[in-house]
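I have a structure I would like to understand better, so I am pasting it below and will then ask my questions one at a time.
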Amino acid sequence: MEMILSLGEWKNLGIAVGIFLIFLVLRKLFTTYVFKLVLGFMQNKKIDFVAKILESFEKPLRWLFVIIGIQLALPYLPFELIAHDTERKIFRSLFIWLAAWGIYDLTSSTSLIFAHFVKRFDFQIDRIVIPFIEKMLRTIVVVLAASIIAEEWGFNVNGFIAGLGLGGLAFALAAKDTIGNLFGGIVIVTEKPFTIGDWIKTPSVEGIVEDITFRSTKVRTFAQALVTVPNATLSNEPIINWSKMGKRQVAFHLGVTYNTSREKLETVVNRIRQMLMDDEEIHNETILVSFDRFNESSLDIYLYFFTNTIAFNDYLKVKETVNFKIMEIFEEEGVEFAFPTRTLVIDKQGEAVKEEELFEKARG
């Protein structure tokens with residue numbers, strides 16, 4: 001059966017198409033001129049917070065013109081596409097979706113929002129908190145938007161949540177790892193054993209922290225591999241944060257030969273100690289240099305001190321400089337470094353025996 005439209009119906013159809021085309025033109029004018037003009041004004045005035053809000057809602061506003069144009073055009077159509085009640089639910093759901101879309105994009109500006117509040121109220125927020133809060137806000141926005149839209153379509157969200165209580169035990173058992181990781185992430189954020197960009201070492205991983213999510217923490221190793229560690233695991237492990245060091249330790253033994261005189265040994269110890277005290281790269285609070293022990297084949301000097309730098313490359317350079325200076329002191333004092341040696345004695349039968357064996361024979 002063919003549908004024949006009367007003159008009035010053709011007129012209404014033309015009005016509907018005209019209304020929709022007008023809103024498409026308004027959308028183009030708004031996004032091309034008005035929106036860019038207002039956004040440019042905000043950026044020139046350095047009102048970054050408001051400018052970021054406008055940028056977040058730019059795409060939803062473009063679609064808003066299209067949806068309003070369709071909504072205003074539908075009543076003029078000479079035929080009914082959808083029932084009035086269904087039409088109302090669809091448009092309300094679309095408006096909720098557009099609002100959620102804008103807020104969702106706005107959560108990516110969390111760092112800018114916090115920077116604004118930090119500057120205004122003079123308090124500090126750790127960088128590791130920002131991405132965690134951003135992901136939490138996005139999850140909340142999605143869940144709330146989905147719940148409101150479901151309510152619009154007659155779904156009993158409260159009954160669904162209550163129904164989850166019936167299977168709560170099974171749900172808890174199935175999600176215990178996820179919940180453990182979530183609480184592990186909360187522990188990491190609140191206790192702040194590290195932040196993004198820190199160099200950490202744990203039994204599981206060593207590297208630079210790149211990101212923290214609800215479930216895991218991402219660490220970039222020095223081999224450029226990206227390791228994802230569950231938060232529940234990380235929060236229960238000992239964590240060494242090398243980035244929080246105020247100084248870096250150096251400790252080792254130097255062995256000199258047994259033919260070194262007491263005076264020479266004492267002079268070398270005093271010169272090394274003074275050299276470390278005069279070095280601006282060495283932390284002066286703790287410098288220990290002392291004749292420590294009689295070793296099997298050497299007289300051992302113990303050195304224990306700290307470098308002011310904690311950067312690994314600079315730390316190695318400071319150690320290298322100190323080692324060269326120690327060699328210079330030894331050369332000037334005529335003291336030799338010891339190396340592992342063993343003395344052999346040849347008995348009358350021409351057999352090589354160890355000193356310990358001769359000692360046992362002497363005792364016998």
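Are there any helices (runs of 4 or more DSSP H) wholly within segment 25-106 with 2 or more residues that are of a type in the set (Gly, Ala, Ser), within 30 Å of Leu7 (Cα to Cα) and modelled with pLDDT under 80, and if so which?
Details: elements: 35-44, 48-56, 58-73, 84-106.
Those helices (runs of 4 or more DSSP H) do not exist here; none qualify.
For segment 229-258: of the residues being of a type in the set (A, V, I, L, M) and free of Cβ contacts under 8 Å to residues at least 60 places away in the same chain, which is surrounded by the most Cβ atoms within 10 Å (Cβ to Cβ)? Break it down into steps so the answer makes sense when it comes.
Pass one, segment 229-258, residues of a type in the set (A, V, I, L, M): 229, 232, 234, 239-240, 245, 250-251, 254, 256.
Still in the running and free of Cβ contacts under 8 Å to residues at least 60 places away in the same chain: 229, 232, 234, 239-240, 251.
Details: Val229: 20, Ala232: 20, Leu234: 24, Ile239: 16, Ile240: 14, Ala251: 10.
This residue is Leu234.
Please give the number of the condition Lys218 fails out of (1) surrounded by 14 or more Cβ atoms within 10 Å (Cβ to Cβ); (2) in contact (Cβ under 8 Å) with a residue 12 or more places away in the chain.
If we test Lys218 against (1) surrounded by 14 or more Cβ atoms within 10 Å (Cβ to Cβ); (2) in contact (Cβ under 8 Å) with a residue 12 or more places away in the chain, just (2) comes out false.
Looking at (1) modelled with pLDDT of 70 or more; (2) buried (at least 17 other Cβ atoms within 10 Å of the Cβ), which one does Ser109 not meet, given that it meets all the others?
(1)
Right, next: What are the residue pairs meeting all of these: first residue in segment 64-78, first residue over 12 Å from Leu21 (Cβ atoms), second residue of a type in the set (Gly, Ala, Ser), Cβ atoms under 7 Å, and 6 or more apart or on different chains?
As it stands, the answer is Tyr76/Ala16; Leu77/Ala16, since those pairs meet every condition given.
Can you pull out every residue in segment 179-212 that is of a type outside the set (A, V, I, L, M, F, W, C) and buried (at least 16 other Cβ atoms within 10 Å of the Cβ)?
Residues of segment 179-212 of a type outside the set (A, V, I, L, M, F, W, C): 180-181, 184-185, 190-193, 195, 197-198, 201-204, 206-207, 210-211.
Residues satisfying the conditions are Gly180, Asn181, Gly184, Gly185, Pro193, Thr195, Asp198, Thr202, Gly207, Asp211.
For Asn259, state whether it is polar (S, T, N, Q) and not assigned by TED's automatic domain parsing to the domain that holds Gly207. Steps first, please.
On the way: polar (S, T, N, Q): yes; not assigned by TED's automatic domain parsing to the domain that holds Gly207: yes.
Criteria met by Asn259.
On to the next question. Of the residues that sit in segment 292-325 and are touching a Phe, Trp or Tyr at 6+ places or on another chain (Cβ under 8 Å) and closer than 16 Å to Asp279 by Cβ, which one is modelled with the lowest pLDDT?
Thr309
Counting only residues that are surrounded by fewer than 20 Cβ atoms within 10 Å (Cβ to Cβ) and touching a strand residue (DSSP E or B) at 6+ places or on another chain (Cβ under 7 Å), how many does segment 293-305 have?
Our first condition is that a residue be surrounded by fewer than 20 Cβ atoms within 10 Å (Cβ to Cβ); within segment 293-305, this holds for 293-297, 300, 302, 304.
Okay, now just the ones that are also touching a strand residue (DSSP E or B) at 6+ places or on another chain (Cβ under 7 Å), so 293, 295, 300, 302, 304.
Total satisfying the criteria: 5.
The values are calculated or read from the model by the stated rules, or taken from the named source; none is laboratory data. Predicted model, so just to flag it, every value in this text is computed and none were measured. Because the Cβ atoms are built from the backbone with ideal geometry, glycine has one as well, and the counts that use them run over all protein chains shown.
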